[in-house]
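The structure appears below as structure tokens.
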Amino acid sequence: MKTFLKILPAIILSCLSASCNHLSDEAKEMIGNYYLTTVSENEPLMELNSDGTCVLHAIKPGVLSYTVNGHWDVENDSLLISTDGKAASVSGDTTLVRIGQIPTKKGYAIAGFNGLSLTLTQDGNEYVFARRGQTSDNKQTSSTAAEQ
């Protein structure tokens, strides 16, 4: 019994840390940085992290960019993102472009995912994001490896 009581805190800590990462199996396959190349080749629009956090970048090239922190997951073939609705950082001229209200919950239908690209649809529009960077198994995606 004494041995069990000694390891109980470790078991509880392990369970708590595992419960923090609630990503679905589908989401775990999609971990990485995603670029919308028509907007930016250098800065990802979405950073989907393995711990379920994400960083979203809104970019108006040459004018304004800002980031929003949040959490993400995949459910029922949809990418679901929740944020606190606040810009974490802003760079550029806010007098030219207003940021406006940042949604706290957003969902995108996943039209396709092949490991190198993610196709999302919303309001009848289709967006194809190129995936670069680390994946869930710490391998670099082909497009990143080819660039280095």
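The values are calculated or read from the model by the stated rules, or taken from the named source; none is laboratory data. What you see is a predicted model; the values in this text were computed from it and never measured. Note: ideal-geometry Cβ built from the backbone for every residue, glycine included; neighbour counts use all protein chains shown. Side chains are part of the model used for accessible areas, which takes the heavy atoms of the whole protein and leaves out ligands, DNA and RNA. Shrake-Rupley method; radii C 1.70, N 1.55, O 1.52, S 1.80 Å.
Rounded to the nearest 20, the size of the Cβ-charge dipole of the stretch 21-140 about its Cα centre is 360 debye, with Lys and Arg at +1 and Asp and Glu at -1.
Short-range pairs are left out: with C-alpha atoms under 8 Å and at least six residues apart, the relative contact order of the stretch 62-137 is 23 percent. Coupling constants for the stretch 27-41 follow from the phi torsions by the Karplus curve (6.51 cos²θ - 1.76 cosθ + 1.60, θ = phi - 60°), and in residue order they are 5, 4, 6, 9, 4, x, 9, 10, 10, 9, 5, 6, 9, 7, 8 Hz; glycine and proline get x. The calculated FRET efficiency for Asp77 paired with Gln101, based on their beta-carbon distance and R0 = 30 Å, is about 0.65. Put a dot 7 Å past the Cα of Thr38, heading toward its Cβ, do the same for Ile110, and the two dots end up 2.3 nm apart.
The charge dipole of the stretch 31-93, taken about its Cα centre with unit charges on the Cβ of Lys, Arg, Asp and Glu (plus for the first two, minus for the last two), comes to roughly 240 debye.
Amide H contacts for Ile31 (H built 1.01 Å from N in the peptide plane; partners 5 or more residues away or on another chain; cut-off under 5 Å): Ser136.
Among the protein heavy atoms of the stretch 23-110, carbon and sulfur supply 46% of the accessible surface, probe 1.4 Å, non-protein parts ignored. The distance from the alpha carbon centre of the stretch 34-63 to that of the stretch 94-132 is 9 Å, rounded to a whole number.
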